[in-house]
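Here the structure comes first, spelled out in structure tokens, and everything after it is commentary.
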Amino acid sequence: MLTLQFDGLFRNAPQDLNLGENAGFMCYGWVILRDGNVVARGHGGYIRWRDASSNVAEYLGLIEGLEALLDMHAGSGNIEICG
């Protein structure tokens, strides 16, 4: 069985930059396990001047992890997804 685990993180931009209330840095990571063994992993980051949040960062991790599963042609078996 495959398991996709993902998480995201958001930090506000420094106030002295005057970028707005939802500006900041988002990063995410994901890992795919097959029967408890790591078979793939990835991470990334974004800087946004608006609409940045921890929810968006986690969503990015989910999307990237799902795309990795597609690249692995893993769509025919059971997949557990944990955020």
- A40's amide H: which non-local residues (gap 5+, or another chain) put their own amide H closer than 5 Å, with H modeled 1.01 Å from N in plane and none for Pro or chain starts? I32
- Using the heavy atoms of the protein chains and a 1.4 angstrom probe, tell me the accessible area per residue for segment 1-66 in square angstrom. 66
- In nm, spacing of pseudo-spin labels at W49 and S76 (7 Å Cα→C-beta vector): 4.8
- With springs only between Cα atoms under 10 Å, which of V39, V31, V56 fluctuates most in a Gaussian network model of the chain? V39
- Message: Need the full-extension length gain, R41 to N22, defined as separation in residues times 0.36 nm minus the C-alpha distance. One decimal, nm.
- Response: 4.0 nm
- Message: Can you compute 3J(HN,Hα) from phi for each residue in segment 20-32, using the Karplus curve 6.51 cos²θ - 1.76 cosθ + 1.60 with θ = phi - 60°, rounded to whole Hz and x for Gly and Pro?
- Response: x, 6, 10, 8, x, 10, 10, 9, 8, x, 8, 9, 10
- Message: Just to confirm the number: angle between the C-alpha axis of helix 54-71 and the first principal axis of the chain, 0 to 90 degrees, nearest 10?
- Response: 30
- Whole-percent carbon and sulfur share, accessible surface of the chain, 1.4 Å: 50
- Message: Over all directions, how big on average is the projection of the convex hull of the alpha-carbon atoms in segment 19-83, in square nanometres?
- Response: 4.6
- Query: Can you work out ³J(HN,Hα) from phi for every residue in segment 37-48, in order, using Karplus 6.51 cos²θ - 1.76 cosθ + 1.60 and θ = phi - 60°, giving whole Hz and x for Gly and Pro?
  - Reply: 9, 5, 10, 7, 7, x, 7, x, x, 9, 10, 10
- Can you list residues whose amide H is under 5 Å from A23's amide H, if they're 5+ apart or on another chain and H is modeled 1.01 Å from N? A13
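The values are calculated or read from the model by the stated rules, or taken from the named source; none is laboratory data. Because the structure is a prediction, the values reported are computed rather than measured. All Cβ positions, glycine included, derive from the backbone under ideal geometry; neighbour counts span all protein chains shown. To get the accessible areas, we keep the full protein, side chains included, count just its heavy atoms, and leave off ligands, DNA and RNA. Shrake-Rupley method; radii C 1.70, N 1.55, O 1.52, S 1.80 Å.
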